[in-house]
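Here's the structure we're looking at; comments come further down.
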Amino acid sequence: MAKIELKPVGTNLLKSVSGESVELQSLWSDKPVVLFFLRRFGCQVCRWTAAEISKLEPDLTAHGIALVGIGPEETGLEEFKEGGFFKGDLYIDEKKQCYKDLGFKRYTALSVVPAALGKKVREVTTKAKAQGIQGNFTGDLLQSGGMLIVAKGGEKVLLHFVQDSPGDYVPLEDISKALDISANVQAGERPQCNDDVCTR
């Protein structure tokens, strides 16, 4: 992936859940930050991934690291908040400018179907269902997401992850490693995919 220039991305505006506009760079001005870019707030895989990442929240807080979730639209936000899937602050990138600048691709109507039916997605949705995490199909189905971890003051990018499949996510140990912290969490097992599980 091409090197990300933080300065231009940093001036992009986000909307907080309380309605204020903030520049992306304000999120890393005084502390390191883990920025989790969701595909959609209604996405079952995103909800499971949000719950997984949230397992790190106590360790991140203890190390003075912010945990932030960013969605490309408000659709599904209230239900997402009510579900308690994510333990960090939430923002909306209404213009999807951060998504563009960070190289998070958009599917086409034709390419999204095979991507959504792929093995990785089936594995995560099976795991999500087992944990009682449901999803829906409201909102923009074509946007993909990823993760950006930035050092305090925007000194450097510690991790830049772009989803290839909607089922891709950054393992918890990789997040801890990028931040050089140890975390006391047990990652959720990714389910093994077999015909009985994955054809439902």
Taking the chain as a Gaussian network, where each spring joins two C-alpha atoms under 10 Å apart, which residue of Ile70, Ile53, Ile181 fluctuates the most? Ile181
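Once you keep just the Cα pairs under 8 angstrom separated by 6 or more residues, what percentage relative contact order results for the chain?
On the way: 353 pairs, mean separation 54.2, N = 200.
After rounding, I find 27 percent.
Determine the sum of side-chain charges near Phe41: Lys and Arg each +1, Asp and Glu each -1, restricted to other residues whose C-beta is under 13 angstrom from that of Phe41.
Numbers: positive: Arg39, Arg40, Arg47, Lys81; negative: Glu73, Glu74, Glu78, Glu79, Glu82, Asp93, Asp140.
Net charge around Phe41: -3.
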Would you give the gap between the C-alpha center of segment 1-49 and the C-alpha center of segment 74-148, rounded to a whole Å? 14
Leading residue at positive end of dipole, the chain (Cβ point charges), from Ser182, Gly76, His160: His160
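Rolling a 1.4 Å sphere over the protein heavy atoms, what is the accessible area per residue of segment 6-179, to the nearest Å²?
Working: 7730 Å² over 174 residues.
Here the residues of segment 6-179 average 44 Å² of exposed surface.
Which value, in debye to the nearest 20, describes the size of the charge dipole of segment 6-179 about its Cα centre when Lys and Arg Cβ atoms bear +1, Asp and Glu Cβ atoms bear -1, and nothing else is charged? List each step's numbers first, then the result.
On the way: 22 positive and 22 negative charges, 102 e Å.
The dipole magnitude comes to about 500 debye.
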Enter the angle in degrees (range 0 to 90, nearest 10) between the Cα long axis of helix 44-54 and the first principal axis of the Cα atoms of the chain, meaning the one along which they spread out most. 50
Considering all projection directions equally, how large on average is the shadow of the alpha-carbon convex hull of segment 24-137, in square nanometres? 7.6
Principal-axis tilt of helix 119-130 within the chain, Cα atoms, nearest 10 degrees: 90
Counted charge near Ile92, where neighbours are those whose Cβ lies closer than 9 Å (Asp, Glu -1; Lys, Arg +1): -3
Mind checking segment 101-164 for trypsin sites (Lys or Arg not before Pro) that DSSP puts in a loop (not H, G, I, E or B) and that have at most 14 other Cβ atoms within 10 Å? Lys156
Unit Cα scatterers, Debye sum, the chain: log10 I(q)/I(0) for q = 0.08, 0.10, 0.13, 0.14 Å⁻¹: -0.24, -0.39, -0.67, -0.78
Range in the chain, longest, excluding exposed GluC sites (Glu not before Pro) [loop by DSSP; at most 11 other beta-carbon atoms within 10 Å]: 21-154
If I build a Gaussian network model for the chain, linking alpha-carbon pairs within less than 10 angstrom, which residue out of Thr125, Thr61, Thr49 has the largest mean-square fluctuation? Thr61
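The values are calculated or read from the model by the stated rules, or taken from the named source; none is laboratory data. Because the structure is predicted, anything quoted here is derived from the model rather than measured. Cβ atoms come from the backbone with ideal geometry, glycine included; neighbour counts cover every protein chain shown. Side chains are part of the model used for accessible areas, which takes the heavy atoms of the whole protein and leaves out ligands, DNA and RNA. Shrake-Rupley method; radii C 1.70, N 1.55, O 1.52, S 1.80 Å.
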